[in-house]
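Inspection log for the structure reproduced underneath, given as structure tokens.
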Amino acid sequence: MNEIIVKLPDGSERILKEGASIYDLAASIGTGLAKAAIAGKIDGHLVDLNAKLKNGATAEIVTEKSPEALEIIRHSTSHLMAQAVKALFPQAKVTIGPAIETGFYYDFDLDRAFTPEDLEKIEAKMRELAKANLKIERQELSSTDAIALFKKMGEDYKVELIEDLGADSVSLYTQGDFTDLCRGPHLPSTSYCKAFKLTSIAGAYWRGDEKRAMLQRVYGTAFGDKKELDAYLARIEEAKKRDHRKLGRELDLFSFSDEVGAGLVIWHPKGGMLRTVLEDFERKEHIKRGYDIVLGPQILKTELWQRSGHYENYRENMYFTTVDEQGYGVKPMNCLSHMMIYKSQLRSYRDLPLRFFELGMVHRHERAGVLHGLLRVRGFTQDDAHILCTPDQLDAEIKGVLSFVKDVMGIFGFDYEMELSTRPEKSIGSDEAWEMATSALLSALKDSGRDFEINEGDGAFYGPKIDIKLRDALDRRWQCATIQCDFTLPERFDLTYVDADGERKRPVMVHRVILGAIERFIGVLIEHFAGNFPTWLSPVQAIVLTVTDNQIPYAQAAFDTLRAAGIRVQKDFRNEKLGFKIREAQLQKVPYMLVVGDKEVESGLLAPRYRDGKNLEGMTPEQFVSFIESEVKAFR
Ligand SMILES: [Zn+2]
Ligand SMILES: [Zn+2]
């Protein structure tokens, strides 16, 4: 029998029998590796474990520990779920079932809605099929034969998929009596699906098209082992407890109302205070860094949006109104007024850079299906600024913004990741301008000394951008800051400055936000802190509690002192048991409870108790004021 030589990633070579598979390669290295192997790579392409090797190929073994493993495990588990669904509901039609960041899903067309009980049954069936250790086998078929096969099976969606692919042949995977169209690779057999859980059901349109069939999407997750699955499920449980919509209600921060409109936040007193604290913080931090605070109107003439290019490129996301036969667009961005301020006088190079900052409320039409609490809304407030500078100043300005982001994320205790997005297909502006902007962002990123990623083609239509994603307490990523270079708007609005040589030149424009949308950021903060805001952010920092009515005059005087000193304080002088009042304040997650009993009245002190139950030493109201002030100053 002939032999073949394959190369391993470390450069070494192995001699195998002709017709050997990735599995044979693993087995030739060791039985442990053969056992751990779930798939392979041939010349960089992921393949099944039983894929045949060719002479001279570079081969790699994918084990449960490999970075590629999770996706293969999850995708195979989605097939397992589809097989279980077909076994239990033969009338169900299968569509697509990819692996996603949190696990996998599969969309089904079924004449009735899945219930939570169905999920349990499906999961039990999956376990049964996994135990049966069915081989998962790949087969290549001509598209014509595959279409005939899926037509016979009544799987219309698969037929459509193959027709749209337009390939000569397709690959199918079969496990037991279930066959699915799939590129693969897959696990060698169903018993490799060891740790999975179905998590939820949702509606989804076929191919995301609202005009097409409404399907049922079953979500699940899968891991290489039970321990990882359990840790993940515990994290999900914790996330549910921290859900900002739930906490927003319980802490009475905000609400939404059908009568008002979807995606439009109504801030209640405590939420309004939380916002105010955050906004005050922002103003201060911006002033410190040389920004000017400006304010533009909420609606601007339609002609202006035509000039900016928003009308052409962004109209479907905007709200318009007509008054006295004049059309207006509700601003989806704050840029235009800032440019008007720039244009309000002749600018010299000596005036630059100009940094205009606005806590600007914008409205963007988001599809109803994507709205999600504070995280995805239709009206929101950006901590928006536009920097106008000379091309020479661009580098330093972008570095300044990155250091601003670093400082602010440090204050909130967030780690973060950065990405550079480059020119998309639908864009305006010259090649030269794009080149210049992209290289400025790149150089600032490199200079930051932090890792970053590049997303080719993901930039805004008017310039390249840096996206910054923070990581919260549950290790989830959230978009916060963006820095966008823009050589186009200054052109369209004919912004100029007089340079040292007396010539009129174009300034560069940078759009940037630090926290992003205040609404969304608050949603993230609520979940990150589980509602236990640090003292400096807490809408209510302390609450004065009386033991009996006897202490009311003293407690009222203490309350007045704290409030006059600027402490965000509440009182609870109700004729209720102290334990009851403490529990209530704890549920409201107020950092400090100030208990006033006879002893405190006699000694002229307050007895502060932290929300976790820890008691602090007695303090006079004045001492408590300084104590809170020091916490606020240190952003604690
Ligand atoms: Zn598949
Ligand atoms: Zn802007």
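The values are calculated or read from the model by the stated rules, or taken from the named source; none is laboratory data. Note that the structure is predicted; figures quoted are calculated from it, not measured. Note that we place each Cβ from the backbone using ideal geometry, even for glycine, and neighbour counts take in every protein chain shown.
Scanning segment 92-117 for residues that are in contact (Cβ under 8 Å) with a residue 12 or more places away in the chain and among the charged types (D, E, K, R) gives K93, D107, D109, D111.
Just one of (1) buried (at least 22 other Cβ atoms within 10 Å of the Cβ); (2) among the β-branched types (V, I, T); (3) closer than 26 Å to R471 by Cα fails for I387. It is (3).
For segment 563-596, how many residues meet the condition of being in a loop (DSSP other than H, G, I, E, B) and touching a strand residue (DSSP E or B) at 6+ places or on another chain (Cβ under 7 Å)?
Selection size over segment 563-596: 4.
The number of residues in segment 617-636 that are assigned to a loop (DSSP other than H, G, I, E, B) and either under 30 Å from D407 (Cα atoms) or in contact (Cβ under 8 Å) with a residue 24 or more places away in the chain (or both) comes to 3. For L374, the criteria (1) in contact (Cβ under 8 Å) with a residue 40 or more places away in the chain; (2) in a helix (DSSP H, G or I) hold in every case but one, which is (2).
Taken as a whole, the structure places Y497 among residues that are more than 16 Å from ligand 1 (Cβ to nearest atom), farther than 24 Å from F254 by Cβ, of a type in the set (S, T, Y) and modelled with pLDDT of 95 or more.
Can you find, within segment 473-496, the residue that is nearest to ligand 2 (Cβ to nearest atom) among those that are of a type in the set (S, T, Y) and more than 15 Å from A433 (Cβ to Cβ)?
Residues of segment 473-496 of a type in the set (S, T, Y): 482, 488, 496.
Right, trim to more than 15 Å from A433 (Cβ to Cβ) and you get 482, 496.
On the way: T482: 10, T496: 19 Å.
Residue satisfying both the conditions and the ranking: T482.
Please go through segment 494-515 and pick out each residue that is closer than 30 Å to L371 by Cα and either touching a helix residue (DSSP H, G or I) at 6+ places or on another chain (Cβ under 9 Å) or surrounded by fewer than 23 Cβ atoms within 10 Å (Cβ to Cβ) (or both). Give the derivation first.
Filtering segment 494-515 down to residues closer than 30 Å to L371 by Cα leaves 510-515.
If the condition is that a residue be closer than 30 Å to L371 by Cα and either touching a helix residue (DSSP H, G or I) at 6+ places or on another chain (Cβ under 9 Å) or surrounded by fewer than 23 Cβ atoms within 10 Å (Cβ to Cβ) (or both), then V510, H511, R512, I514, L515 are the ones that fit.
Restricting segment 362-388 to residues that are of a type in the set (K, R) and out of contact with any His (no Cβ under 9 Å at 6 or more places or on another chain), the residue that is farthest from ligand 2 (Cβ to nearest atom) is R367.
Table: residues versus (1) touching a residue at least 12 places away in the same chain (Cβ under 8 Å); (2) farther than 30 Å from L442 by Cα.
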{"position": "T488", "(1), (2)": "yes, no"}
{"position": "T496", "(1), (2)": "yes, no"}
{"position": "R504", "(1), (2)": "no, no"}
{"position": "M509", "(1), (2)": "yes, no"}
{"position": "A517", "(1), (2)": "yes, no"}
{"position": "Q556", "(1), (2)": "yes, yes"}
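Within segment 307-323, being of a type outside the set (S, T, Y), away from ligand 2 (no atom under 16 Å from the Cβ) and surrounded by 15 or more Cβ atoms within 10 Å (Cβ to Cβ) holds for one residue alone: R315.
A residue that is within 29 Å of E237 (Cα to Cα), of a type in the set (D, E) and under 27 Å from the mean Cα position of the chain (by Cα) occurs somewhere in segment 94-107. Any residue in segment 583-606 that's within 17 Å of I567 (Cα to Cα) and surrounded by fewer than 19 Cβ atoms within 10 Å (Cβ to Cβ): show its pairings with residues that are aromatic (F, W, Y) and at pLDDT 95 or above at Cβ separation under 8 Å, as long as the two are six or more apart or on different chains. Pairs that qualify, where the first residue is within 17 Å of I567 (Cα to Cα) and surrounded by fewer than 19 Cβ atoms within 10 Å (Cβ to Cβ) and the partner is aromatic (F, W, Y) and at pLDDT 95 or above, are K589/F533.
Can you tell me which residue in segment 475-493 is nearest to D431 (Cα to Cα), limited to those that are crowded, with 23+ Cβ neighbours inside 10 Å and at pLDDT 90 or above? Only one residue fits best here, namely C485.
Please state which one of P9, P67 is of a type outside the set (D, E) and within 33 Å of the chain's Cα centre (by Cα).
Details: P9 fails: within 33 Å of the chain's Cα centre (by Cα).
Selected residue: P67, the only one of P9, P67 that is of a type outside the set (D, E) and within 33 Å of the chain's Cα centre (by Cα).
Of S142, S171, S200, all but one fail to be of a type in the set (S, T, Y) and either in contact with a Lys or Arg (Cβ under 7 Å, 6 or more places away or on another chain) or within 16 Å of ligand 2 (Cβ to nearest atom) (or both); the exception is S171.
What number goes with the only condition from (1) touching a helix residue (DSSP H, G or I) at 6+ places or on another chain (Cβ under 8 Å); (2) surrounded by 15 or more Cβ atoms within 10 Å (Cβ to Cβ) that R245 does not pass? If we test R245 against (1) touching a helix residue (DSSP H, G or I) at 6+ places or on another chain (Cβ under 8 Å); (2) surrounded by 15 or more Cβ atoms within 10 Å (Cβ to Cβ), just (1) comes out false.
Select from segment 72-107 the residues that are hydroxyl-bearing (S, T, Y) and more than 17 Å from E120 (Cα to Cα) and write down the one among them that is farthest from ligand 2 (Cβ to nearest atom).
First pass over segment 72-107, keeping only residues hydroxyl-bearing (S, T, Y): 76-78, 95, 102, 105-106.
Keeping just the survivors that are more than 17 Å from E120 (Cα to Cα) gives 76, 95, 102.
Working: S76: 45, T95: 40, T102: 32 Å.
So the residue we want is S76.
Checking D164 against (1) over 24 Å from E128 (Cβ atoms); (2) in contact with a strand residue (DSSP E or B) (Cβ under 9 Å, 6 or more places away or on another chain), which test does it fail? All conditions are met except number (2).
Looking at S171, S142, just one residue is on the phi < 0 side of the Ramachandran plot and loosely packed, with under 13 Cβ neighbours inside 10 Å, and that residue is S142. Kindly evaluate S421 against the criterion of being over 19 Å from the mean Cα position of the chain (by Cα) and surrounded by 14 or more Cβ atoms within 10 Å (Cβ to Cβ). It is false that S421 is over 19 Å from the mean Cα position of the chain (by Cα) and surrounded by 14 or more Cβ atoms within 10 Å (Cβ to Cβ). Evaluating G379 against the criteria (1) over 30 Å from L253 (Cβ atoms); (2) in contact with a strand residue (DSSP E or B) (Cβ under 6 Å, 6 or more places away or on another chain); (3) small (G, A, S) leaves one unmet condition, (1).
If you scan segment 273-296, which residues turn out to be in contact with a strand residue (DSSP E or B) (Cβ under 9 Å, 6 or more places away or on another chain) and either without any contact (Cβ under 8 Å) to a residue 12 or more places away in the chain or under 17 Å from N334 (Cα atoms) (or both)? The answer is E279, E282, R283, H286, I287, Y291, D292, I293, V294, L295, G296.
Please go through segment 177-199 and pick out each residue that is exposed (fewer than 14 other Cβ atoms within 10 Å of the Cβ) and either in contact (Cβ under 8 Å) with a residue 60 or more places away in the chain or in contact with a helix residue (DSSP H, G or I) (Cβ under 9 Å, 6 or more places away or on another chain) (or both). Break it down stepwise before answering.
First, pick out the residues of segment 177-199 that are exposed (fewer than 14 other Cβ atoms within 10 Å of the Cβ): 177, 183.
Correct list: D177 only.
The set of residues in segment 324-350 being under 17 Å from F493 (Cβ atoms) and either surrounded by fewer than 16 Cβ atoms within 10 Å (Cβ to Cβ) or away from ligand 2 (no atom under 16 Å from the Cβ) (or both) consists of M340, K343, S344, Q345, L346, R347.
When the residues of segment 71-108 are filtered to those that are within 11 Å of ligand 1 (Cβ to nearest atom) and in a strand (DSSP E or B), the one that is farthest from S191 (Cα to Cα) is V94.
If you check I468, I552, I518, I522, which single one turns out to be modelled with pLDDT of 95 or more and closer than 30 Å to G579 by Cα?
Numbers: I468 fails: closer than 30 Å to G579 by Cα; I518 fails: closer than 30 Å to G579 by Cα; I522 fails: closer than 30 Å to G579 by Cα.
Unique residue meeting the criteria: I552.
For segment 179-212, taking the residues that are among the aromatic types (F, W, Y) and assigned to a strand (DSSP E or B), the one that is farthest from ligand 1 (Cβ to nearest atom) is identified as Y205.
Scan segment 215-223 and give yes if some residue there is more than 32 Å from the chain's Cα centre (by Cα), of a type outside the set (F, W, Y) and buried (at least 19 other Cβ atoms within 10 Å of the Cβ), otherwise no. Walk me through how you get there before you give the answer.
Of segment 215-223, the ones more than 32 Å from the chain's Cα centre (by Cα) are none.
So far as segment 215-223 goes, no, none of its residues is more than 32 Å from the chain's Cα centre (by Cα), of a type outside the set (F, W, Y) and buried (at least 19 other Cβ atoms within 10 Å of the Cβ).
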